[in-house]
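**Student:** My questions will all concern the structure given below.
Bear in mind these aren't lab numbers, they're just calculated from the coordinates by the rules spelled out. Since we're looking at a predicted model, the values are computed, not measured. Positions of Cβ are backbone-derived with ideal geometry, glycine not excepted, and every protein chain shown enters the neighbour counts.
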Amino acid sequence: MSRRSLLGAGGLLAFLLLWEAVARLGVIEATLLPAPSGLPATFLSELTLGFWHTMVLASLNHYLIGLVCGSLLGVAVGTAVALFPTADAIQGWLARMLRPIPPLAWIPFAIIWFGISETAAAFIIAIGVFWINYFTAYAAVRTVDPDLIELAASFGHRSLFARLRKVILPAAAPGILSGLRAGLGQGWMTVVAAELFGITGIGQRMNEAAGLLATEVVIVYMLTIALLYGISDMLFVAAQNRVLRWQR
Amino acid sequence: MAAIVELNRIGATFPGATAPVFSGIDLSIERGEFVIVVGASGAGKSTLLRVIAGLLPPSEGTIRHAIDTRADRREIAMVFQEARLMPWRRVSDNVALGLEGLDVDRAERDRRVAGALKLVGLANYGGRWAHELSGGQRQRVGIARALAVDPDLLLMDEPFGALDAITRQTLQDELLRIWHETGKSILFVTHDIDEAVYLGDRVLLLGGTPARVVRSYPVDAARPRDREHADVSRVGAQVKSDLSTLFEGGGGI
């Protein structure tokens, strides 16, 4: 193990020990801050009762639908707007007005439009993911080197489709992929909040447990989110490195 | 010898500008001829290449191409000052850029890419990425990419301008060898007069506002040439003197 990862493991261990000590010494009441040593048992009971995988699968479902819709639309609209000056002019004020609205502010309308449903949760996730991808794709396409577009034209690739395929999309790929990755994280941030109002998933289970002061259950799901985010980000970066292997 | 491309009173105006960059340019390039364009910066030398390449429509005049059109080649290919390689493509895929969209099957494409790379001395570099190459190698790839489409006319826009002196001389000699081996016509823009008279059969001086062909200089020195040969340096001295007169007097020679 390198010195760096040793220190990293040390930092994590010290944090857990301090947490355990604070909980055991009764500095803070157990319901306010449960000791980490009790978490594995809580996790096992959530697992054997069938809650854990039900909730994780439900959340994954909202997350993936919201992520895919938000990413596809964000990249497509952001790219189109960057390509056509008229569309660019039209979107200017509109985007400035809609973008600052936080995804969670859409919850009332999500419920009015879709009811307390899976679609409502996916919708809220999609909104946050959409804006991130919209702006990164827009910037990435706008900054494609015009010399390369001229080069492709001089070798016969002049149609919009040829320009997109031969130059714009590959040249904008690093930017677009970094937007997709940021959206991937943003989606996990939103998923819990989107489920707080009663849609089956990790957020709903956390809300339930909090109401019963079962704080160790809350922590199990907090760590679950961290784990899911870590895994999805790791898988994405592996795929990203493959696609962008031309960058040294 | 027959003219491969003929410009008749050609002029070009930048979008949004009122005055043309150049105007009334007559130029005919013979098959296999090596023609050089020199001139003050801003005289529209690069723009002239873009008009001939069809990247920019002329604002006046006509262009007549007398070159044979086939579905498996492009009549005109361009080499730019910055090599303009696509960093996400390997060297061989960069060379294949112009073949995509032509009626060329996979095997033929590979064969032509390999042939072009061999011609520029990079036979074993097909699998490299652009960032793994030196400036001179990148420019060789740019030349291979143009040769791969088997053009009649090669348009070269200051292709060696950004290279160090030694690499520039090497590539000049390589280009002469390739020109000799392939018999392509070349229209070559440079601001380096020594390069112009060493390479060209004919040097055109562009100047004035709007720019026009101020003078044409035949270079009669036998090939292979010696850079120091009197026939070469005499023409060079003449071009340099005319160019500085242009700068001082604003047009009249």
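**Student:** Need the list of lysines near B:Lys118 for cross-linking: C-alpha distance under 21 angstrom, and skip anything on the same chain fewer than eight residues off.
**Tutor:** B:Lys184
**Student:** Could you please rank A:Ser159, A:Ser2, placing first whichever residue has the fewest other Cβ atoms within 10 Å of its Cβ? Mind showing how you got there, number by number?
**Tutor:** Details: A:Ser159 12, A:Ser2 7.
Ascending Cβ contact count within 10 Å gives the list A:Ser2, A:Ser159.
**Student:** Further question: Could you put A:Thr190, B:Thr245, B:Thr13 in order, starting from the residue whose Cβ has the fewest other Cβ atoms within 10 Å? Present the calculation step by step, with values, prior to reporting the outcome.
**Tutor:** Values: A:Thr190 26, B:Thr245 15, B:Thr13 20.
Going from sparsest to densest Cβ surroundings: B:Thr245, B:Thr13, A:Thr190.
**Student:** Rounded to the nearest 20 Debye, what is the dipole magnitude of the stretch A:1-117 about its Cα centre when Lys and Arg each give +1 and Asp and Glu each give -1 at the C-beta? Display every interim value, and only then the final one.
**Tutor:** Values: 5 positive and 4 negative charges, 65 e Å.
Approximately 320 debye in magnitude.
**Student:** Tell me, what is the FRET efficiency for B:Asp93 and A:Ala21 to the nearest 0.05, using R0 = 41 angstrom and their Cβ-Cβ distance as r?
**Tutor:** 0.10
**Student:** For A:Ala87 paired with B:Glu100, estimate the spin-label separation in nm (one decimal), with each label point 7 Å from Cα along the Cα-to-Cβ line.
**Tutor:** 2.1
**Student:** Right, here's the next one. Residue by residue through the stretch A:37-49, which ³J(HN,Hα) values in whole Hz follow from phi under the Karplus form 6.51 cos²θ - 1.76 cosθ + 1.60 (θ = phi - 60°), with glycine and proline marked x?
**Tutor:** 5, x, 5, x, 5, 4, 4, 4, 5, 4, 5, 5, 6
**Student:** Let me ask you something else. Note the full-extension length gain between A:Arg242 and A:Ser117 as 0.36 nm times their separation in residues minus their Cα-Cα distance, in nm to one decimal. Before the final figure, lay out each step's value.
**Tutor:** Numbers: separation 125, 0.36 × 125 = 45.00 nm, distance 3.68 nm.
Additional length available on full extension: 41.3 nm.
**Student:** Taking K and R as +1 and D and E as -1, what net charge do the other residues with C-beta under 12 Å from the C-beta of B:Arg215 add up to? Walk me through the intermediate numbers first.
**Tutor:** Numbers: positive: B:Arg202, B:Arg212; negative: B:Asp242.
Taking every other residue near B:Arg215 into account, the sum is +1.
**Student:** Right, another one. May I ask you to compute the full-extension gain from B:Asn8 to B:His229, defined as 0.36 nm times their residue separation minus their alpha-carbon distance, rounded to one decimal in nm? Intermediate values should be presented prior to the final figure.
**Tutor:** Numbers: separation 221, 0.36 × 221 = 79.56 nm, distance 3.45 nm.
Net length gain for the segment: 76.1 nm.
**Student:** To the nearest Å, what is the center-to-center distance of the stretch B:34-112 and the stretch B:140-202, using C-alpha atoms only?
**Tutor:** Using only Cα atoms, the two centres lie 13 Å from each other.
**Student:** Right, here's the next one. Compute the distance in nm between two label points, each set 7 Å from the Cα along the Cα-to-Cβ direction, one at A:Leu39 and one at B:Arg31.
**Tutor:** Taking the two extended label points, one gets 8.0 nm.
**Student:** Cut-off under 20 Å on the C-alpha distance; same-chain residues fewer than 8 positions from B:Lys240 excluded. Which lysines are left, in chain and number order?
**Tutor:** Leaving aside lysines fewer than 8 places away in the same chain, those within reach of B:Lys240 are B:Lys45.
**Student:** Would you mind telling me the antiparallel percentage of the DSSP bridges in chain B, rounded to 5?
**Tutor:** Working: 18 of 37 bridges.
So the antiparallel bridges amount to about 50 percent of the total.
**Student:** Let me ask something else. Sequence gap at least 6, Cα distance under 8 Å: using those rules, report the relative contact order of chain B to the nearest whole percent. Provide the component values of the computation, followed by the final result.
**Tutor:** Numbers: 489 pairs, mean separation 62.3, N = 253.
Reported as a whole number, the value is 25 percent.
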